[in-house]
Structure formats: structure tokens, C-alpha cells
Amino acid sequence: MMKRLMTLLLVLAMLLTGTAVAEAETSVTVGTVSRPSGMFFTEQWGSNTADIDARTLLHGMSTVTWDADLDYRVDSKIVREVKTRTDGEGNKTYTFKIRYNLAFSDGSPLTAKDYVFSILLQSSPDILALGADNLAYAHLLGYEEYASGQTNVHAGVRLIDSHTFSVCIKEEYIPYFYELTLANVTPYPMAVIAPDCHIKTGTDGSWITGPYSLELLQETILDPETGYLSHPSVTSGPYSLETYDDVSGTATFVRNPHYAGNYEGQKPSIDRLVLREVKYDEALSLLQSGEVDILNKLSSAEIIDAGLVLAGEGAIASAAYDRSGYGFVALACEDAVTGSTAVRQAMAHCLDKQALIDAYLAGYGKPVHSYYGQGQWMVQQYEGDLADVVTTYPVDTAAAAALLEQDGWTLNASGEPYAEGVRYKKLEDGTLQPLAIRFAKLASNDAAQWLSDNYAPVLESVGFQWEPTELAFNELLTHYYRQTERTYNAMFLATNFGMVFDPAYAFDTSEAAQGIYNTSGILDDELAQHAWNLRSVAPGDYATYEQHWLQLLKRFSDVLPTLPIYTNTYYDFFSTRIQGYAPDANWSWACAILYTTVK
């Protein structure tokens, strides 16, 4: 009582003397079961859920945004005027006039040159040399010549004045169901990434001048201590990065006082955010102890059940939302074994999806048979049963064995007719290829462990060899994104689809798409065509979009670039001091946090 009285007297004295009363800093710690891997710049180096959320916090002021109804619109808080023009060849130009007085997190001016620089950098051959892809703006006029290094001038983007720029979309990309997103540009600080460089625009397009070089970008982007990839120091989103520890996977963010607000003008009120990895077995205890304030994207039935009990008692709060993604066995379709469609189909016939769901997700998950998740608007609006549209693979070891026989896996290690053990196939050079699944097993992952304990014996019963190797998450991702020589041909992962569902590059057969975009290595012309048909639907033509989407799902289920397993309902649990937190009404916790307060 005496301490409280003294505090009140102190505040009263400060008010009477005109001394400012400092408000206590608000801080929220978010726990994620997906460890941040430090891909905080763009998705061009790959990403996981935690990295996506970090980028949502750090980068903003884009030309295009989506609203609460998940519709895309030009962000009027950033763009004061936009005009479009279509030329005689069908190329479409968007000209943006951005608002004055926009600033990066350090207070430096954010101008049109930062938008133009963003496109030039992300499309350059230099970014490709740094281990990223450079396909983000492949839809712009002049992309091929610029991205391949034939010219240093990009014809599809122009700096008009300090607050005006334009982008020109090639006619072959029009129509596009999400057309407005083709004109979306997120600005990045040229002064930080390419110091002392400038943008020039001539009759042929725009280019970068000054000491711009691959060596410069290696330092400013990839330096492990200061590089913009893992330590973006100057940003445009609601928060800026304060610290990132790649050993613990912990990132700290502070509120950006120069953030212009989202499309509704909403700005964050929480001063500091900490994003850290949590293990499932410690998650709820960390929440109850106050070490963590929000637990994001929990899927384990055991943890969800326990959390709902605590929520029912009023100890914590909860929010549930459908996942716009799926869990799957990722396969290397460029591999001598898993490159065979018959092998992949045989593997599907050995996988008891419902058993994994019962063990891991219980009533919070359900099987999927193709490339979709229950949170997608297409799935939610489709009245039929997708299992009746796509090809399914009930557990059937006889069918699996028959597929392997037909595919030539008919020998044993001695070259004699197969009877038991591991199957082999004779290659053209006379050598014997074992039917080996080299499984990259994620450390401390229940679902991956379930596959080793329960799926592997079924595979072995029909002649597969199961070779598991435990990897840390970051190392596993380098193999998944093909950023290193891929020595594993199967791994368990889960992913979420973006707001724009456009898998054209995911199934693109070109060399440029192989890797971060086409992670499976699938080279199937029919699948690629269905993906292109999907993206080529006119905006608003939902009936045609759905038709092409179903065709895509059917072909995916036939050739199986991955083995789909489940989709699920996520749960977030959070402290009762967290107010207004609604991840179910926003795209992610990183969007919901703008509307969240702390009592």
C-alpha cells in the first residue's frame, strides 16, 4: 500500500511541476514451433512460416494490399494516384504516384527510387548469383534481357520523378486472376543495400549507376552479422528489427515510429515484440509462466486439448482458424528413384494418412489428396467432396507392389528375380539401382518420427529401403529448396499457401524455376499447363478459375510431386492480458498484432 501511495504522489508531483511521465514500454513475446531461419528480406531465398511473419512485420508501404475481405486493392495510404495504360501490343502500364513524407524506420525519406530499385535488384542476375531466385518480376516487359545479364537496363520499370514510377506488364501475363498483384512493389532502402548508387531512366528503361556490383551486394545482403537478408536494419513495416540470434532463432522487433499504417491506417501500439522458437512439450508451461504471451499455429492434438482445458478455466485465451496449407512428404522428382511416377504412386499406396492424423492431429486435421488446404477460399466454397474429384491412394500394398513391378523394380541385390528384401532395377549401363528412400528426418518432430516408426515398415514390406538421417530445420530447408546438392529424396514438411494462389512457378519446367520455386523438381508439361491456365483467368471470373483449379488438383494427384497427407485447424493460445488479438480475422499473427493491445 505504501509503495502504491508513493508512486501516486510521485506522479502527482511530476504533473504539478510539468515533468513528463514516461509510459511503461509494452512488450509481447510470441512463441512459434517453426524456428525462424533469418530469411527476413524477401522470399527469394526461401522461407518458413516464422520468416514470413517476420517479413510481414518488417516490410510494408507496398503499392497493393488486401483488405479484411481478402480482396486486393491499391493502398491509398501509400499511393495518392494510379493510372493504367494499355499499348497497341497489349502490354499494360501502371503508373503510381506515392505520397509525400513517407519514411523508412530510420526516418530517411522513402521515395520512388526505392520502389524502382526493389524491382531492379530482385530481377538482377546478381541476386541469382547470391543464391536466390530472380523470378519475382518475370512478368514485366524486358525481364528476360535484364535478368540474364544481356543488358543492365530494365525496360519494364521507369523512375519518372522523385515520387512517381511505372511498371509495364507483358501482354502474355494479361489477363491474370490476381492482376493487381503484378503491379505490387514493396520498397527496399537503396541507400542501405546499394549505398552511393543511383537510379537512372532513359528512353529504354531504368538502370543502377554508381559502385553497384556483386561484391557490394555480397557484403550488404549476405554478411552474417549485418547483411540485409538476416539483419535488415532499415525497413518500412510496422516494426524494425532490433536483434536476431541465429543460434537460438530469436528475433526482437521494435515499433517503427515512421510506419504509415496499413490500408485502414492502423498502426501498432505494442512497443516491442520477441519472436522465439518453442518446443511443443514446453509451450503451455511457458505461456502460463508468462515467458511467452502468444503461442502461434499449434497443431498437435495433445497440446490443443490441454490448452482448451486451460482456456475453459479462464487461465488463457484461444483462437482457432483453418490452415491455408497442408502437410506432405516432399519428394525429389529429379532423383533416380523418386523421379518415377510409379514409385511415387506406390509410396502413396503405403501411406496411412488417417493413422498419422489420428496420432498427431486427432479431430483437428483431415486427409488431403492434392495441393490444397482447408483454409483456402476455393476449398471453403467448393460444395463437392474433393476426394471424388482427385485421384486417391487407399492403403494397398498389393497395388504398390504391382506398380513397382511394372516400373522395372523386379530384381534383388544379386540381379536375380526379386522375392524379398530390397528391390533393384537394372539401369541402361548395367548397374543395379536400389529402391532406396533417403529420408531427411527433421529433429524433434513428432510427425516425422511417426513416418519413421509406422510408414517405413510398410514401405519396406513391398521392397523399399528406408534410410533416415536426422537434420536440423535450417539444414533440411537447404535441401528442400535445392540450395545445396540434394542428397535426400524424401522429407516431411508442411507449408502454407500465400494469399495469391499461383503455383505456375512451382510446377514450371524451365531451368530458371528449379530450386526455390519448383522445389519438387517435377517436370510435367500437363501439370505446368494447368497451372498456367489457372493464372490466366480474368479477374472476377470465379467459375473459370474453379474449373482450372480442379483440373490442376486432378493432375497433381495423378503425378504426385509430393505425397499430400493432411490439412488442419490451427490454434493460437495467449495470455488474458492480450486484448483484441484475432488471428482468425486476419491473415496471420503479424497482421493481427497491429490491432492488439496489452492491458
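Values quoted throughout were computed directly from the atomic coordinates according to the rules given, and no laboratory measurement underlies them. Predicted, not measured: the structure shown is a model, and the values here were computed from it. Reconstructed Cβ throughout: ideal geometry from the backbone, glycine too, with neighbour counts over all protein chains shown.
Taken over the chain, the alpha-carbon convex hull comes to 172 cubic angstrom per residue.
Mean residue ellipticity, 222 nm, helices only, the chain: the sum of -39500 (n - 2.57) across DSSP H runs of n ≥ 4, divided by residue count and rounded to 500, is -8000 deg cm²/dmol.
Given R0 = 35 Å, the distance between the Cβ atoms of ASN454 and GLN218 translates into a calculated FRET efficiency of 0.20. Using R0 = 45 Å, the C-beta based FRET efficiency linking LYS426 and SER108 works out to 0.10.
Taking Cα centre as origin and charging only the Cβ of basic (Lys, Arg, +1) and acidic (Asp, Glu, -1) residues, the dipole magnitude of the range 61-209 rounds to 500 debye.
Put simply, the convex hull of the Cα atoms in the range 325-570 casts, on average, a shadow of 13.6 nm². Using the Cβ atoms and a cut-off under 15 Å, what net charge is assigned to the surroundings of GLN483, where Lys and Arg are +1 and Asp and Glu are -1? That sum, taken over residues with Cβ under 15 Å, equals -4. The Cα atoms of the range 61-209 give a gyration tensor whose axes a ≥ b ≥ c have a/c under 1.5, which makes the shape rounded.
Working ranking of peptides 38-44, 82-88 by packing, defined as the average number of other Cβ atoms within 10 Å per residue, highest first, is 38-44, 82-88. Fewest-first ordering of TYR595, TYR517 by other beta carbons within 10 Å of each residue's beta carbon gives TYR595, TYR517.
Modelled spin labels at THR84 and GLU416, positioned 7 Å past Cα toward Cβ, are 7.0 nm from each other.
Helix 112-123 and the longest principal axis of the Cα set of the chain meet at an angle near 20°. Using the Cα centre of the range 40-104 as origin and beta-carbon charges of +1 (Lys, Arg) and -1 (Asp, Glu), tell me which of ILE78, ALA54, THR65 is placed farthest towards the positive end of the dipole. Result: ILE78. Extension gain, ALA362 to GLU145: 0.36 nm times the residue separation minus the Cα-Cα distance gives 72.9 nm. Taking every DSSP bridge with both residues inside the range 394-495, close to 35 percent are antiparallel. A simple spin-label model places pseudo-atoms 7 Å from Cα toward Cβ; at GLU511 and THR484 they are separated by 2.5 nm.
Kindly flag which residue pairs out of LYS77/LYS200; LYS297/LYS366; LYS77/LYS97; LYS113/LYS200; LYS92/LYS170 have an alpha-carbon separation exceeding 18 Å in this structure.
LYS77/LYS200
Projecting the Cα atoms of HIS163, ASN568, TYR360 onto the dipole axis of the chain, where Lys and Arg carry +1 and Asp and Glu carry -1 at the beta carbon, places HIS163 farthest toward the positive end. Remark: the range 375-426 carries a charge dipole of roughly 340 debye about the Cα centre, counting +1 on each Lys and Arg Cβ and -1 on each Asp and Glu Cβ. Taken about its Cα centre, the chain carries a charge dipole of roughly 1720 debye when the Cβ of each Lys and Arg holds +1 and the Cβ of each Asp and Glu holds -1. Peptides 336-343, 388-395, 229-236 ranked from most to least packed by the mean count of surrounding Cβ atoms within 10 Å: 229-236, 336-343, 388-395. Test of understanding: extend the Cα→C-beta vector of GLU43 to 7 Å, then name every residue of the range 126-163 with backbone N under 16 Å from that spot. Under 16 Å, as judged by backbone N against the label point of GLU43, lie 132-139 of the range 126-163. Between TYR100 and ASP71, the C-beta separation translates, for a Förster distance of 35 Å, into a calculated FRET efficiency of about 0.80.
Placing unit charges on the Cβ atoms of the charged side chains and taking the dipole of the range 61-209 about its Cα centre, the candidate lying farthest along the positive direction among GLY107, GLY202, LEU130 is GLY107.
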